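Input: a single structure, listed below in structure tokens.
Computed from the coordinates by the stated procedures, all read-outs in this text should not be read as laboratory data. Bear in mind that the values here come from a model prediction, so they are computed numbers and not experimental data. With ideal geometry, Cβ positions are generated from the backbone for all residues, glycine too; neighbour counts draw on all protein chains shown.
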Amino acid sequence: MVCSTSSNRAFSSLHDHRELWDGEYWRHIPGFSQVTQTEFESHQFQQRATITSVAQLRQTLGDLPGDAFYEDLSAGIRNAPMALRISPHLLSLVDWSNAAHDPIRTQFLPLRSRQQPDHPMLQLDSLAERKDSPVPGLTHRYPDKALFLPVDTCPVYCRFCTRSYAVGAETELVTEKLKLHASQARWSQAFEYIESKPGLEDIVISGGDSYNLRADHLEAIGRRLLEIPHVRRIRFATKGLCVMPQKVLSDERWTDALTRVAELARRLHKTAVVHTHFNSPHEIVGVTRRAMDLFVERGITVRCQTVLQNGVNSDPSVMQLLVKRLGYINIQPYYVYFHDMVPGVEDLRTSLAAGLDVEKRVRGTTAGFHTPAFVVDTMGGGGKRDAHSYEYYDRTNGVAVFTSPTVKPGKWFLYFDPLASLEPEVRLRWELPSEREAMVADAIRCAGGETRSAWQAIA
Ligand SMILES: *Cc1c(COP(=O)(O)O)cnc(C)c1O
Ligand code: SF4
């Protein structure tokens, strides 16, 4: 189904999961008003015209958002863990008549006026990936699967990135990032480690982003991993389908390389799939569907990992629409992550209670195998836990306690609701270190644990 190309109609008609915005949706952006369909749909244009500074943004958008917006944005960037990077495709999908509340603007363009102070229990590299890294850029936390980070760049920078400790350029807030450049020597170390661990059956190739791997590198990595006898499954993680679906259609070398890896996997009776990342139903338009149609023809399975975000998809009807729209274009919704506790993005987090309510309203709306699991990726390396599986949840103070018997038995893991979701007097308690300690200790006691191990778990 094709909608009108007039931007107002298109933005207001995004209610039905089958209504995908088509036509020349970039023409309302002053900098792209003369760009033809052929040009806009080439990955070279998408890469070349990707915006990485406020000055460039101003050149492209002109007066569309107004002066106050640029000032707010510049101040927001100074206070953000991630550098600015947004594709022409995504930029054109922002409703600039309502930028403050637009779900795509919210994810990629930080506004100072909307930022909130970080929760006092927050840590950088909140998931402690580096602690479980036997080789730089390889995280081995679960017995049978590992996470391989061949590159540290992406086609976009999400301001909420969990790997802001490594991904993207350094910022004023995060000045010393771990460097994980594409390096064959480092990759060889990772392959050798994987080879030496017969229990490893499942490798996630992430980053950074597999879109930023050269076609020949992507193919070499895929082949090398599939040829390891005990590796049964590989997945390429990429936000690319969301950021520039044009690449799938126009970068034949890259898409063919991925196709060959998927074919090799099938011949070896293994699987090679793509995991992608959509957060808003507005990110799925006609060209996204065409890219997915090609993947379907090539026999490439795609699953989606979504992040639950306040104002982006925290409204149950928006999450329902996203899940149905993903399913409609043959992307399988796999996970919805509660927002990790990373700096500078407190405004994007929701309480555990709010997310559990969204889950209840999504389950039952479509096929069970298209219904994502809502998970908390615990701070301190406990791994992903079903959000419903908490041992105890103190809704007043906003503290949830989890255990992780298969990954880190005997430890307690904590998730903290954003302060903005709590009553004013509770917020004041979080200001005081002794009160903090008491609230955490109480929650762990109620979960049946001892206080001391809790502080060890999050320390
Ligand atoms: C998420 C993750 C995986 C993959 O987990 P699945 O639940 O199988 O998707 C593997 N290793 C690490 C370190 C992870 O964070
Ligand atoms: S695409 Fe993924 S790894 Fe890259 S910045 Fe966004 S969340 Fe981080």
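Shown here are the Rg and Dmax of the Cα trace of the stretch 138-387, at 17.7, 48 Å. Taking a quarter of the surface of the Cα convex hull of the chain gives a mean projected area of 20.9 nm². In this Cβ point-charge picture (+1 for Lys and Arg, -1 for Asp and Glu), the stretch 390-459 has a dipole of about 280 debye about its Cα centre. Taking every DSSP beta bridge that has both ends in the chain, the antiparallel portion is near 40%.
Could you tell me the convex hull volume per residue, in Å³, taken over the Cα atoms of the stretch 8-108?
Measuring per residue, one finds 112 Å³ for the Cα hull of the stretch 8-108.
Looking at the calculated P(r) for the stretch 390-437, what percent of the C-alpha pair distances fall above 13 Å?
Cα-Cα pairs of the stretch 390-437 separated by over 13 Å account for 61 percent.
Scaled against the 2.2 N^0.38 Å expected of a compact globular protein of N residues, the Cα radius of gyration of the stretch 62-173 reads 1.25. Among the listed pairs Lys384/Lys408; Lys239/Lys324; Lys145/Lys239; Lys131/Lys408; Lys131/Lys179; Lys247/Lys384, give every one whose C-alpha distance is greater than 23 Å. Checking Cα-Cα distances, Lys247/Lys384 exceed 23 Å. Which aspartates and glutamates have a Cα less than 16 Å from the Cα of Lys177, not counting those fewer than 8 places away in the same chain? Within reach: Asp125, Glu129, Asp152. Across all directions, the average projected area of the convex hull around the alpha carbons of the stretch 152-275 is 8.0 nm².
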